[in-house]
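Readers should treat all values here as calculations from the given coordinates under stated rules, not as data from a laboratory. Please read all numbers here as calculations on a predicted model, not as lab measurements. Backbone-built Cβ (ideal geometry, glycine too); neighbour counts: all protein chains shown.
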Amino acid sequence: MEYGVVIGLEVHCQLATNSKIFCGCATTFGNPPNSQTCPICLGHPGVLPVLNRQVVEWSVMTGLATGCQITSPNVFSRKHYFYPDLPKGYQISQYDKPICEHGKIEIVVDGTPKTIGLTRIHMEEDAGKNLHEGLGDVSHVDLNRAGVPLMEMVSEPDMRSPEEAVAYLKKVRTLMIYLGVCDANMERGNLRCDANISLRPLGQEEFGTKVEMKNMNSFRFLKQALEYEIKRQTKVLDEGGTIVQETRQWDAKRGVTESMRVKEEAHDYRYLPEPDLLPVEVPQAWIDEIAKTMPELPDAKRERFVSDFGLSEYDADVLTTNRELADYYEAAVAAYVGDPKTTCNWVMGELAAKLNEDGTAIDACPMSPAQLAGIVEAIHVGTISGKIGKTVFGEMYGTDKTAKAVIEEKGLVQVSDTGAIDALIQPILDANQDKVDAYRGGKDKLFGFFIGQVMKASKGQANPQMVNERLRALLNG
Ligand SMILES: [Zn+2]
């Protein structure tokens, strides 16, 4: 039997606010356990939560960026469950009136665009963390993370392959970075994702029973876990079995998913409106104000790079997927507007390769956009060839020298003087009389040999176009 795959994702984004969602405690990562807590986030009786305004603004901004409707008023609810990292016995979340609904996210897989529905975005608090490792046979609880703001983005079950799921998660991450609302550091769990996956016989409308996979914190794990689950569920169905609705987790070491618990239904959580927080009114005037502070988004930036700088869709897509890379490119083009396409080639080619080799991120790049633009300019106006540009790049990288200074200092100015080029060519012709005769006798292919010899003799500094012209003239003359 052939099956179709149905996937929906729930992405948890930890918002990059300075303080927690309902109290003034800091959200700094990596401080000693329980050093960032107070009676509110410790869940003491009688305390009252106060909503962090920034959390609302950033959630609205994310909603606007994904074409959502903003719900006003939206309502916080208590989601009840017991776990040692949740001292109150409930998590403050949103249930039937989330802040954003009915949005969409565009993805591209193998060049094909697709729209994935975004069911809702809601605000909630994170739980603490249970620590088990290195403590012998006891476990400890760290509540620094309790009350850190989360934004949960729930998609429609619109994805049909692991590749689409990965493209969706990448797009969400790019959006978060552009909006500046979440650090989106997946290793630290700033961005984590649960996936719902089910199979159904090809041609069947009705969804099969879904399995939820928890807490995947890398693109690779998401893809591997989904691929494993497709195989596992296919086998169960082929053998006439039924899929159990359950929560599973990916064991990266063993490369398998394993059952954690039978999946709860929403009613198991006994949701009820949070009596300590008022419904959140979001008047249109506030939404307009937030919209004004919104940065340019990746899709808009990509289109602008194509129309304003004449880049290909592919180049524009690579540049804009990483906001810092796009910023770097734009700064370089601003420093020299003469040749945006060559600037793009240098950013994505030589520079990216060097950064990759050194393991340096673009925002820590030791070469400024203006420095790189200096190389592009020198090539574009003919002071140096593209090949010498690479030498200049190597000399400049990690220093604060300009391209102009390096070209002068090293005497790398391109030779474009007819007399000087002829003086390079003649000794080569003299030393290779046999080849000259062969060329004149019809062996056209030898032209490349002469070009190579002349460029070598000039140490790459001769203007290639002029070498071409002069060589042709002298050989044919
Ligand atoms: Zn606190």
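A few remarks follow.
- Contour excess over end-to-end distance, with Cα ends at ASN130 and GLU313 and 0.36 nm allotted per residue: 61.3 nm
- Take each peptide in 446-455, 23-32, count the other Cβ atoms within 10 Å of every residue, and average; sorted highest first, the result is 446-455, 23-32.
- Whether region 174-320 is rounded, prolate or oblate, judged on the alpha carbon gyration tensor where a/c under 1.5 counts as rounded: oblate
- In order along region 13-27, the Karplus-derived 3J(HN,Hα) couplings, from 6.51 cos²θ - 1.76 cosθ + 1.60 at θ = phi - 60°, round to 10, 7, 6, 8, 5, 6, 10, 6, 6, 10, 8, x, 5, 6, 10 Hz, and Gly and Pro are given as x.
- Measure of compaction for region 430-477 (Cα Rg per 2.2 N^0.38 Å): 1.09
- Cross-link reach is defined here as a Cα-Cα straight distance under 16 Å, omitting same-chain residues fewer than 8 places apart; for LYS445 the lysines meeting it are LYS435.
- Whole-Hz couplings from phi, Karplus 6.51/-1.76/1.60, listed for region 320-326; x for Gly and Pro: 7, 5, 10, 4, 5, 5, 4
- Under 5 Å between amide hydrogens, built in the peptide plane, is the criterion, and for LYS97 it picks out VAL75 among residues at least 5 positions away or on other chains.
- Cα lying deepest toward the dipole's positive end in the chain, options MET186, LEU199, GLN426, charges on Cβ: GLN426
- Taking one quarter of the surface of the convex hull spanned by the alpha-carbon atoms of region 243-297 gives a direction-averaged projected area of 9.0 nm².
- Taking 4.7 Å between C-beta atoms as the pairing limit, the chain has these partnerless cysteines: CYS23, CYS25, CYS38, CYS41, CYS193, CYS344, CYS365.
- Size descriptor, Kirkwood hydrodynamic radius, that averages inverse alpha-carbon separations across region 23-127, Å: 16.0
- Cross-link reach list, aspartates and glutamates versus LYS235, counting only Cα pairs under 12 Å and skipping chain neighbours closer than eight places: GLU2
- Rg over Rh, two decimals, the chain (C-alpha only, Kirkwood Rh): 1.13
- At an R0 of 56 angstrom, the distance between the Cβ atoms of LYS410 and GLU281 translates into a FRET efficiency of 0.30.
- For region 115-129 versus region 413-473, the gap between their alpha-carbon centres in whole angstrom: 66
- Net charge dipole size for the chain [Lys, Arg +1 and Asp, Glu -1 on Cβ; Debye, nearest 20]: 800
- Taken along the Cα-to-beta-carbon direction at a fixed 7 Å, the label points for ARG270 and THR242 span 2.9 nm.
- Signed unit charges on C-beta, dipole axis of the chain, positive-most listed residue GLN245, ALA473, CYS68: ALA473
- Solvent-free Debye calculation, one equal scatterer per alpha-carbon of region 88-230: log10 I(q)/I(0) at 0.15, 0.20 Å⁻¹ equals -0.91, -1.43.
- Cα gyration tensor category, rounded, prolate or oblate, for region 309-407 with a/c compared to 1.5: oblate
- Note on LYS387: lysines with a C-alpha under 22 Å away, same-chain residues under 8 apart excluded, are LYS341, LYS354, LYS401, LYS404, LYS410, LYS456, LYS459.
- For the chain, calculated [θ]222 nm from helices alone, where every DSSP H run of n ≥ 4 adds -39500 (n - 2.57): -12000 deg cm²/dmol
- P(r), alpha carbons of region 157-209 - 10 Å bins starting at zero, rounded %: 21, 41, 24, 14, 1
- Among the listed pairs LYS79/LYS171; LYS114/LYS171; LYS214/LYS253; LYS170/LYS292, those beyond 22 Å (Cα-Cα): LYS79/LYS171; LYS170/LYS292
- In terms of the mean number of neighbouring beta-carbon atoms within 10 Å, the peptides 139-151, 381-393, 351-363 order highest first as 139-151, 381-393, 351-363.
- Alpha-carbon geometry of region 319-477: the Rg and the Dmax are 19.0, 57 Å, given in that order.
- Summary of packing: across the peptides 44-50, 179-185, the per-residue average of other C-beta atoms within 10 Å ranks them, highest first, as 179-185, 44-50.
- With Cα atoms, 0 to 90° folded angle of helix 162-179 axis to the chain main axis: 90
- Relative contact order (%) - the chain, alpha-carbon pairs under 8 angstrom, separation at least six: 13
- About its Cα centre, the dipole of region 43-111 is roughly 360 debye, where the only charges are +1 on Lys and Arg Cβ and -1 on Asp and Glu Cβ.
- Between 0 and 90°, nearest 10: helix 446-457 axis offset from the chain longest Cα axis: 80
- Fraction of antiparallel bridges per DSSP, the chain only, in percent to nearest 5: 95
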